[in-house]
1. Can you give me the number of residues within segment 173-204 that are surrounded by fewer than 20 Cβ atoms within 10 Å (Cβ to Cβ) and in a strand (DSSP E or B)?
2. Restrict the check to segment 60-68 and report whether at least one residue is at pLDDT 95 or above, surrounded by 20 or more Cβ atoms within 10 Å (Cβ to Cβ) and closer than 22 Å to P159 by Cβ.
3. Provide a single number: the residues in segment 23-57 that are over 13 Å from D157 (Cα atoms) and at pLDDT 95 or above.
4. Which ones in segment 149-163 are crowded, with 19+ Cβ neighbours inside 10 Å and either touching a Lys or Arg at 6+ places or on another chain (Cβ under 9 Å) or over 11 Å from S98 (Cα atoms) (or both)?
5. If we scan segment 79-89, do we find a residue that is polar (S, T, N, Q), more than 13 Å from V155 (Cα to Cα), modelled with pLDDT of 95 or more and exposed (fewer than 15 other Cβ atoms within 10 Å of the Cβ)?
6. Being over 21 Å from D157 (Cβ atoms) and in contact with a helix residue (DSSP H, G or I) (Cβ under 7 Å, 6 or more places away or on another chain) is true for just one of R12, R16. Which residue is that?
7. List pairs: first residue in segment 44-66 and among the hydroxyl-bearing types (S, T, Y), second residue part of a helix (DSSP H, G or I) anywhere in the structure, Cβ distance under 9 angstrom, at least six positions apart or on different chains.
8. Look at D107 and say whether it is over 27 Å from A180 (Cβ atoms), modelled with pLDDT under 95 and part of a helix (DSSP H, G or I).
Amino acid sequence: MHLKSVRFHPDRYPTREHYPFTLELFHQTAGLDFPTPVTLFVGENGAGKSTLLEALARRCEIFIWREGGRTRYRVNPYEDLLWHYLSVEWVNGSVPGSFFGSSVFQDFARILDEWAATDPGQLDYFGGRSLLTQSHGQSIMSFFRARYAIKGLYVLDEPETALSPKTQLALLDLLEKMSAAGHAQFLIATHSPILLSCPGATIYSFDRAPIAPIPYEQTDHYRTYKNFMARRLS
């Protein structure tokens, strides 16, 4: 284990009128503990899972690859400020890590290809092939297998987005092996009942305030898929 806990400081929030400070769960949750190598965030879209993951990454000094310079219709000046109002506790000091999001990954893959144009050896860390020449799912798994063999804290935002069920099972197997090895810790936001089934993982529900642990079988995602399959088989 590397990251022990995170604490929220709502008394210091700059506003209650703008997202994410409008979310009641960020006011009612004192903090979250991370007692297991894999922690999963589950909840509906807009519940705050991805927002908290990004804030945790920033607070832990994990760089988020993202192309800048894009014009937006309306900008929320508070959108990326939650990390300022979090405090984290490490087990034995901070460790390096990485942030994965499907859209962010595409930016990283393009940047890596530019590096490889002058230093092809950069690709040796990712299976020896350009990530852009592989399918999206293949390139993601190449990245996972290479990166997660290194000691660190790994933050993943809905990694199942571009993965088939079979590849999600491969990722689940990788999570089990890397966390069992004792050098990798994972924080993951997901809608995938496959990834949510990770043995021994802590699951936090964002569907009500405060954020609280929930058993796998009580998640809406598990129940929805179970009920659907039961209807199909009846």
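1. 1
2. Yes - at least one qualifying residue is present in segment 60-68.
3. Qualifying residue count for the region: 16.
4. Y154, D157, E158, P159, E160, L163
5. Yes: one or more hits.
6. None of the others qualify; the one that does is R12.
7. Between residues of segment 44-66 that are among the hydroxyl-bearing types (S, T, Y) and residues that are part of a helix (DSSP H, G or I), the close pairs are T51/F26; T51/L82.
8. yes
The values are calculated or read from the model by the stated rules, or taken from the named source; none is laboratory data. From a predicted model like this one, the values you see are computed outputs, not experimental measurements. Neighbour counts are summed over all protein chains in view; Cβ atoms, including those assigned to glycine, are modelled from backbone coordinates with ideal geometry.
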